[in-house]
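Quick note: the coordinates plus some simple rules give every number you see, no bench work behind them. Owing to the predicted nature of the structure, the values given are computational and were not obtained by experimental measurement. Every residue, glycine as well, gets a Cβ built from its backbone with ideal geometry; the counts of neighbours run over all protein chains shown.
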Amino acid sequence: MDVSGKITLKKGKSFSIERFHPWIFSGAIQRIDGNIHDGSWVEVVQHNGKPLGTGHFQEGSITVRMLTFGESRPAPDFYTPKLAAALLLRTSAHLPGELTNCFRWIHAEGDGLPGLIVDWYNGVAVIQAHSHGMHADRKKIALAIKKIWGAHLKSVYYKAQSTPAHLSQTEREDEYLFGLGGVPHVVRENNNKFYVDWEEGQKTGFFLDQRENRKILGEFSKGKKVLNTFCYTGGFSVYAIAAGADIVHSVDSSEKAIAVARKNIELNMFDESVHKCYTSDTFDFLKDKQNQYDVIVLDPPAFAKKRDSRHRAVKGYQRLNADAMRIIRPGGIIFTFSCSQVVDRKLFYDTVISAAIQAQRQVKVLQHLSQPSDHPVSLFHPEGEYLKGLALYLE
Ligand code: SAH
């Protein structure tokens with residue numbers, strides 16, 4: 001990797017980097033040397049010149065995302081060993097395995113690669129870049145993927161949707177970096193089948209982070225009437241039916257999502273009379289459903305993407321949870337989630353308490369839910385824990 005410049009930190013500002021926190025904020029920077037632009041690799045040094053590592057430069061509040069720490073310089077083939085190490089972590093968790101052939105291969109900071117997401121769908125790697133640096137390096141990343149998988153690799157798709165918005169449209173187009181199309185593509189997750197369409201679908205095409213929670217939902221679904229709101233591809237619905245639910249209703253405001261959920265039910269060859277889809281806003285749907293469901297899943301999109309919208313997001317989670325708590329049958333179970341990074345576990349928990357007070361229901365916590373092991377969180381970067389959930393029992 002070519003390193004094109006040098007960032008010198010202010011005195012007293014290197015502590016977090018020495019502890020492997022991967023972000024350097026603009027306020028910590030003393031000087032910038034060299035001909036650098038968004039996406040350049042830069043060397044980072046302490047005020048006295050001592051090397052701290054290297055990373056991707058990008059104008060903005062987070063000015064450098066660290067990729068190496070200490071004295072070592074990035075090798076020309078930086079990405080291959082990094083991706084191989086991350087794959088080793090997944091294989092030690094039996095991913096891919098007999099029952100599951102899709103998983104998150106690279107989880108940004110959690111894998112020491114800030115800005116990079118790679119999801120693996122049985123032979124197809126789908127890349128997302130959340131930084132200029134990863135966008136600029138996308139071809140090198142594709143090459144590393146090819147090296148690791150060899151003949152097992154069908155294609156590498158670059159999904160530009162989440163690439164920083166200030167790049168021009170032509171610079172941020174979706175493209176195959178290797179191989180050709182082939183959507184929709186069928187993957188297996190805990191032996192359930194799903195269509196994945198990375199070209200048209202949301203994010204990389206499928207939400208891999210709910211794999212373990214879908215399994216837990218299955219354990220509570222036998223003989224039950226289950227409502228899966230914000231269902232997208234119908235992940236929770238498929239698990240509930242497979243586990244023997246009596247009735248499953250899937251709700252999403254997007255017609256496209258509902259069409260995918262319906263196709264996934266067909267794909268698993270379930271008795272279709274068990275399942276019904278509704279294209280509807282969840283808040284509207286819940287209004288007149290008193291005492292109809294034993295199990296309800298609430299898995300909304302991130303209500304807050306930034307800190308300044310956190311208050312409004314909390315109000316949204318509170319209302320959603322209170323609405324579900326009001327209507328669920330006595331003895332029912334709610335699986336409630338938040339994937340907003342700025343709403344931490346404690347705040348989410350407190351919000352659920354407010355919802356229970358509002359709904360006037362007695363509620364017990366059965367389980368704390370989180371993201372699975374292919375979405376690792378660096379101990380030094382707790383911000384990486386974004387998925388929080390609770391399994392609640394309502395008396
Ligand atoms: N539970 C899903 C992922 C949910 S993603 C899974 O396991 O894969 C969030 C979904 O919420 C999206 O499909 C989006 O279309 C839908 N959505 C957003 N706002 C909504 C609303 N107000 N009512 C219903 N669905 C909504």
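State whether region 1-115 is rounded, prolate or oblate according to the following rule on the C-alpha gyration tensor (a ≥ b ≥ c being the square roots of its eigenvalues): a/c under 1.5 gives rounded; otherwise a/b larger than b/c gives prolate, and the remaining case gives oblate.
Values: a/c = 2.45, a/b = 2.23, b/c = 1.10.
It is prolate, given that a/c is not under 1.5 and a/b is the larger ratio.
Compute the normalised compactness of region 45-98: alpha-carbon radius of gyration over 2.2 N^0.38 Å, N being the residue count.
Against the empirical 2.2 N^0.38 Å value, I get 1.55 for region 45-98.
Could you sort out which of 222/364; 6/388; 159/276; 147/215 sit more than 29 Å apart by Cα distance in this structure? Mind dumping the intermediate values first?
Details: 222/364 20 Å; 6/388 38 Å; 159/276 31 Å; 147/215 33 Å.
Checking Cα-Cα distances, 6/388; 159/276; 147/215 exceed 29 Å.
Between residue 273 and residue 289, what is 0.36 nm times their sequence separation minus the Cα-Cα distance? Round to one decimal in nm. Present the calculation step by step, with values, prior to reporting the outcome.
Working: separation 16, 0.36 × 16 = 5.76 nm, distance 1.97 nm.
Here the answer is 3.8 nm.
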What FRET efficiency comes out for residue 93 versus residue 175 if R0 is 30 angstrom and r is the Cβ-Cβ distance? Round to the nearest 0.05.
0.50
Centroid-to-centroid separation of region 254-324 and region 336-395 [C-alpha atoms, Å]:
17 Å
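Rounded to the nearest 500, what is the 222 nm mean residue ellipticity of the chain from helices alone, with -39500 (n - 2.57) per DSSP H run of 4+ residues and division by all residues? Walk me through the numbers on the way to the answer.
Numbers: 10 runs with 103 residues, N = 395.
Counting only the DSSP helices, I get -7500 deg cm²/dmol.
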Report the rotationally averaged projected area of the chain based on its alpha-carbon convex hull, in square nanometres.
19.6 nm²
What's the extension gain from residue 259 to residue 346 if we count 0.36 nm per residue and subtract their Cα-Cα distance?
27.8 nm
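At R0 = 30 Å, how high is the FRET efficiency between residue 152 and residue 367 if r is their beta carbon distance? Nearest 0.05 is fine. Please report the intermediate quantities before stating the final value.
Numbers: r = 36 Å, r/R0 = 1.20.
The computed FRET efficiency comes out at 0.25.
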Rounding to the nearest 10 and keeping the result within 0 to 90°, find how far the Cα-based axis of helix 345-359 lies from the longest principal axis of the chain.
20 degrees
Taking Rh as the Kirkwood radius computed over C-alpha pairs, what is the Stokes-Einstein D of region 275-332 at 20 °C in a medium of viscosity 1.002 mPa s, expressed in µm² per second?
169 µm²/s
Pull out the extension gain between residue 360 and residue 71, defined as 0.36 nm times the separation in residues minus the alpha carbon to alpha carbon distance; nm, one decimal.
98.2 nm
I'd like the orientation of helix 255-267 relative to the chain: the angle between its Cα long axis and the longest Cα principal axis, in ° from 0 to 90, rounded to 10.
70 degrees
For the pair residue 3 and residue 212, the simple spin-label estimate (label points 7 Å beyond Cα toward Cβ) gives in nm 3.7 nm
